[in-house]
């Protein structure tokens, strides 16, 4: 019967997954993340600022 070694590949991978790893987030992921955050902030600003902007000066209904 074969003994299992404590130095398995999984253990070594877990040891290497620390902060000293050279794994980096791809640039396209960062760019998309920034765009999504900016859109979310703009939507929140539009929701909380109310009925301001060029649309409020337009005539409502049938009065000209």
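Observations, loosely collected:
- For the peptides 22-31, 35-44, the ranking by mean Cβ contacts within 10 Å, running from highest to lowest, is 35-44, 22-31.
- Label separation (residue 23 vs residue 35): 2.5 nm, computed from points 7 Å beyond Cα along the C-beta direction.
Bear in mind that the values in this text are calculations on the coordinates, not laboratory data. The structure presented is a predicted model; accordingly, all values stated were derived computationally and were not measured. Reconstructed Cβ throughout: ideal geometry from the backbone, glycine too, with neighbour counts over all protein chains shown.
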